[in-house]
Amino acid sequence: MLQNPPPPEFMQKMRRLLGAEFAAFAASYEQEARIGLRVNTLKIDVADFSSKAPFTLTPVGAYEPAGFHVADEAKPGRHPYHAAGLYYMQEPSAMAVAALLDPQPGEWVLDLAAAPGGKATHLIARMKDQGLLVANDVDRGRARDLAENLERWGTRSVLITNNTPQQLAAHFGPVFDRVLLDAPCSGEGMFRKQGGFAWSETMVLACARRQTAILDTAVSLLRPGGILAYATCTFSPEEDEGVIGRFLTDHPDFTLINPTHFAGFAPGHPDWLPAGVYLPNEFQLANTIRFWPHLFAGEGHFVALLQKEGDGQPSRPDRSAKPARSPLWAAFARETLRIAFDDERMGVVNGRFLHLFPPAAPGTAGLYVLRHGLPLAELGKNHLKPDHALALALTAAAVQQHVNFAPDDPQLTAYRNGQTLSSPGPNGWTLVTVDGFGLGWAKRVNGVLKNHYPRGLRR
Ligand code: SAM
C-alpha cells in the first residue's frame, strides 16, 4: 500500500471517467511506482552497458531500446556509473516522449520546459549529439539542476537557457525543427511516486490555462513543417485532450500526427470532452497517446504530436563572435589531452570561462545562458582549472594521465568523498575514471592526487 494514497476527489473523478476500467486503475495504486534507467548511448552502447551493469535490467520495450526497468533496492542512482553519466534514472512512460518526437542528428530542437533534464538527455542522445538542442527552463533553480544533469551526459551540442517562452520566441523566431513542451501540470500521473497533496479541480483548470498559453507561444518557435510534442504527466482531460482540442481549433495550420502505437500505448479520449466544442478536430484527438499504470509498466503520461503546415529550412543566423585563442588552454591541451577540440568553436563567457560552443551556435545576446556547449576551463591570470564538465566528456583514452578504478574500489569512494589519494606518476592534471569513463579531475603533485571533485557532489 502506498504511503500517500491519491486524493479521494481525484479518485471519484477517475471512477466517473473510467467506468468499468476503474477497478484495474485503482488496483495499480497497490503497487509501487516503476523505476527505470536509460543508457547514455553517447558514452556506451546498450549491449556493453548490459554486460557491465551490476543490476538486473529488464527492457522497457521496442519503443526505447536503451530503456530498462530496474529494482530500486539496487540503488542505481548512487552507483559510480550514474555519477559518470552512463545512464539517467527515468520512469518508462517518460521515456516514450522523446522516442515519439524522434529528433534526428543535425536538427535544431528546443526543449522548452526541460528541467531536471530527463527528456533533454534523451533528445540529445537520439540526436547523437549533432545539431543543436536548446534546453530551457523558466525556473532558475531548476535550470541549475538541468545543467548539472546535462553535465553528466557529456554533450557538446546543448545550449542551456533560463528564459520565459516569450523571451525565447522573441529571440529565435520559427527556427526549430522540433519543439518539446513537457508542460507543468497537476501531476496526477505521478501520485504513485510523489503523492498528491496539492491537487484540486481548481488547480487542474489553472494548469490547463497555463498550458494553453505556453503552447500558443511554442508554435512561434517551430519552423513550417516542424513537429511539436506536447506532454503532461496527468490524466485530466482538461489538461490533455482539452488543451490539444482548443489548440487545433485556434491553430488550423496544425494537424495531429497518429504515431506508432507500441505495446501498452493507449489512445486519447475525445469522448471525455464536452461534445461538439472541438469540431471539426474532435475525431483527431484519439490520435493522442495515453499511458496508464494499469495498462503499461510505467506512470501516467499523455503525449500529442502536432505538425505545422508548410515546408522549408528557416534562415538561422550564426554566432558572429570571433573565436577565442587561449595560450593557457593550448598549454593545458598539449600537456593533458590526447584529443583536439576545434579552436574555431571556442569562446570565453563572462570574461573567464572557456567553452566549446555547439557546432551550430546561434547568437544569444539578451538571453540568460547557463551553458554554451561544453565548458572547458576557468581561465586565471597564469593558470587554468579544467571544468568538471570536461572530465565527464572524456575517457581514459582521451588523456595523457588517468587513474582508473573499478566501481567497488574503496579508493574511488574516497575520491568521491573528497579525499586526497596517493598515486605515483608525473605531476599534472589527471583524469579519475571508473572503468575508463571520466568522473572528475585530480592534480598530481609529488605522488599525491589533490582532489578536484566538486564539493557540491561529494558524498
Ligand atoms: N521535461 C522535464 C524532464 O523530463 O525532466 C520535466 C519538466 S516539468 C514536467 C515542467 C517544467 O516546466 C518545470 O521544470 C517548470 O519549471 C517549467 N515551467 C513552469 N512554468 C513554465 C512556463 N510558464 N513556461 C515554461 N516552463 C515552465
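No lab work stands behind these numbers, since they all come straight from the coordinates. What you are looking at is a predicted structure, and each value in this text was computed from that prediction instead of being measured. We place every Cβ from the backbone using ideal geometry, glycine too, and count neighbours over all the protein chains shown.
I want the antiparallel fraction of DSSP beta bridges within the chain, as a percent rounded to 5.
The antiparallel fraction comes to roughly 70 percent.
Restrict the search to region 1-83; then list the trypsin sites (Lys or Arg not before Pro) that DSSP places in a loop and that have at most 16 other Cβ atoms within 10 Å of their Cβ.
Here no trypsin sites (Lys or Arg not before Pro) fit, given the DSSP loop and packing criteria.
For the chain, give the magnitude of the charge dipole about the Cα centre (Cβ charges: +1 Lys/Arg, -1 Asp/Glu; no others), in debye to the nearest 20.
2020
At what distance in angstrom do the alpha carbon centres of region 16-39 and region 72-125 lie from each other?
Each part's Cα centre sits 22 Å from the other's.
Filter 128/443; 322/443; 43/450; 322/381; 13/193; 43/308 down to the pairs with a C-alpha to C-alpha distance above 30 Å, please.
Among 128/443; 322/443; 43/450; 322/381; 13/193; 43/308, the Cα-Cα distance tops 30 Å for 128/443; 322/443; 43/308.
Cα centroid distance between region 337-358 and region 197-223, in Å?
38
Using only DSSP helix segments of four residues or longer, with each worth -39500 (n - 2.57), what per-residue ellipticity at 222 nm results for the chain after dividing by its residue count and rounding to 500?
Value at 222 nm, helices only: -7500 deg cm²/dmol.
Among 315, 326, 200, which comes first, second and so on when ranked by fewest other beta-carbon atoms within 10 Å?
In increasing order of surrounding Cβ atoms, one gets 315, 200, 326.
Taking 8 Å as the Cα distance limit and 6 or more residues as the minimum spacing, I'd like the relative contact order of region 175-273 as a percentage.
37
Would you mind calculating the relative contact order of the chain from Cα pairs under 8 angstrom and at least 6 residues apart, reporting the percent as a whole number?
14
Relative contact order of region 231-371: what whole-number percent is it, with Cα pairs under 8 angstrom and at least 6 residues apart?
The normalised contact order for region 231-371 reaches 22 percent.
For each of 422, 220, count neighbouring Cβ atoms within 10 Å of the residue's Cβ, then give the residues from fewest to most.
Starting with the residue having the fewest Cβ neighbours, the order is 422, 220.
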